[in-house]
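Take a look at the structure below.
The values are calculated or read from the model by the stated rules, or taken from the named source; none is laboratory data. Everything quoted here is computed from the prediction, not taken from an experiment. Every residue, glycine among them, receives a Cβ derived from its backbone with ideal geometry; neighbour counts consider all protein chains shown. Note: accessible area is taken over every heavy atom of the protein model, side chains too, but ligands, DNA and RNA are not part of it. Shrake-Rupley method; radii C 1.70, N 1.55, O 1.52, S 1.80 Å.
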Amino acid sequence: MQSAEDCAICLDRIQGKKTLKCSHSFCSECLESSFKRKPACPVCNTFYGTHTGNQPEGTMTVTRSQQRLPGYERCGSIVIHYIFPAGIQGSEHPNPGVRYSGTSRIAFLPACEEGEKVLKLLKKAFDRKLIFTVGRSVTTGLNNVITWNDIHHKTRMDGGPQSFGYPDPQYLSRVQEELRLKGVTEEN
């Protein structure tokens with residue numbers, strides 16, 4: 001059984017104790033090594049610093065539409081266009097030097113106060129290269145393609161959650177939690 005004086009990373013007695021603002025303590029060497037992979041508490045996932053991903057170069061543009069999303073009939077919608085040209089994987093990708101194909105994606109948010117908040121967070125995540133990555137597509141099985149990177153988007157206006165669309169009353173809070181886990185919050 002682990003005691004309060006054991007490091008949650010190496011599971012041995014804490015050496016050179018380092019306590020984070022979230023009150024979790026670790027061996028200083030274990031924490032330093034862990035922070036090289038991800039600057040977050042290994043216990044509660046509180047972020048420290050700014051996490052940057054390996055998303056390839058692309059663009060994120062936003063337009064507005066009067067079309068209403070199911071579940072948000074009192075406002076229009078926000079349409080996000082992501083465009084990525086084909087390229088060659090860099091050292092930060094799984095297969096450096098190997099080509100990846102270009103892609104474009106469209107996503108939708110309600111143009112309400114919470115939707116606008118999520119849009120700002122998604123823009124921050126995009127700028128930090130966190131929304132997409134290069135790897136294996138779960139849906140097509142293809143390798144060396146641009147894929148979503150664990151920040152879910154609504155890619156259809158309707159059809160419900162099973163079709164990546166609306167209505168989905170929990171989506172806006174769920175995506176904010178996914179963004180928080182990547183270190184993207186209003187404060188950070």
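Which condition breaks for residue 133 when tested against (1) of a type outside the set (Phe, Trp, Tyr); (2) under 28 Å from residue 73 (Cβ atoms); (3) assigned to a strand (DSSP E or B)?
Failed condition: (2).
I need the full set of residues from the range 1-55 which are of a type in the set (A, V, I, L, M) and over 27 Å from residue 134 (Cα atoms), in order please. Spell out the reasoning first.
At the first step, the residues of the range 1-55 found to be of a type in the set (A, V, I, L, M) are 1, 4, 8-9, 11, 14, 20, 31, 40, 43.
Within the range 1-55, 1, 4, 8, 9, 11, 14, 20, 31, 43 meet the criteria.
Among the numbered conditions (1) touching a helix residue (DSSP H, G or I) at 6+ places or on another chain (Cβ under 8 Å); (2) surrounded by 15 or more Cβ atoms within 10 Å (Cβ to Cβ); (3) not in a strand (DSSP E or B), tell me where residue 60 comes up short.
Unmet condition: (3).
For the range 77-113, give me the residue count where each residue is open to solvent by 60 Å² or more (accessible area, probe 1.4 Å) and either more than 19 Å from residue 143 (Cβ to Cβ) or free of Cβ contacts under 8 Å to residues at least 40 places away in the same chain (or both).
So the answer is 9.
Let's see how each residue does on (1) open to solvent by 20 Å² or more (accessible area, probe 1.4 Å); (2) assigned by the TED database to the domain that holds residue 77; (3) not in a strand (DSSP E or B):
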{"site": "151", "(1), (2), (3)": "no, yes, yes"}
{"site": "155", "(1), (2), (3)": "yes, yes, yes"}
{"site": "159", "(1), (2), (3)": "yes, yes, yes"}
{"site": "162", "(1), (2), (3)": "yes, yes, yes"}
{"site": "165", "(1), (2), (3)": "no, yes, yes"}
{"site": "169", "(1), (2), (3)": "yes, yes, yes"}
{"site": "173", "(1), (2), (3)": "yes, yes, yes"}
{"site": "177", "(1), (2), (3)": "yes, yes, yes"}
{"site": "188", "(1), (2), (3)": "yes, no, yes"}
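What about residue 50, is it open to solvent by 70 Å² or more (accessible area, probe 1.4 Å) and either part of a loop (DSSP other than H, G, I, E, B) or within 22 Å of residue 116 (Cα to Cα) (or both)? Let's see the steps before the verdict.
Working: open to solvent by 70 Å² or more (accessible area, probe 1.4 Å): yes; either part of a loop (DSSP other than H, G, I, E, B) or within 22 Å of residue 116 (Cα to Cα) (or both): yes.
It is true that residue 50 is open to solvent by 70 Å² or more (accessible area, probe 1.4 Å) and either part of a loop (DSSP other than H, G, I, E, B) or within 22 Å of residue 116 (Cα to Cα) (or both).
For the range 13-37, enumerate the residues that are part of a loop (DSSP other than H, G, I, E, B) and either open to solvent by less than 70 Å² (accessible area, probe 1.4 Å) or in the same structural domain as residue 116 (by the TED database) (or both). Give the derivation first.
Taking the range 13-37 as the starting set, the residues that turn out to be part of a loop (DSSP other than H, G, I, E, B) are 14-16, 20-24.
Across the range 13-37, the qualifying residues are 14, 16, 20, 22, 24.
Just one of 154, 129, 120 is on the phi > 0 side of the Ramachandran plot and in contact (Cβ under 8 Å) with a residue 24 or more places away in the chain; which is it? Let's see the steps before the verdict.
Working: 154 fails: on the phi > 0 side of the Ramachandran plot; 120 fails: on the phi > 0 side of the Ramachandran plot.
Among 154, 129, 120, only 129 is on the phi > 0 side of the Ramachandran plot and in contact (Cβ under 8 Å) with a residue 24 or more places away in the chain.
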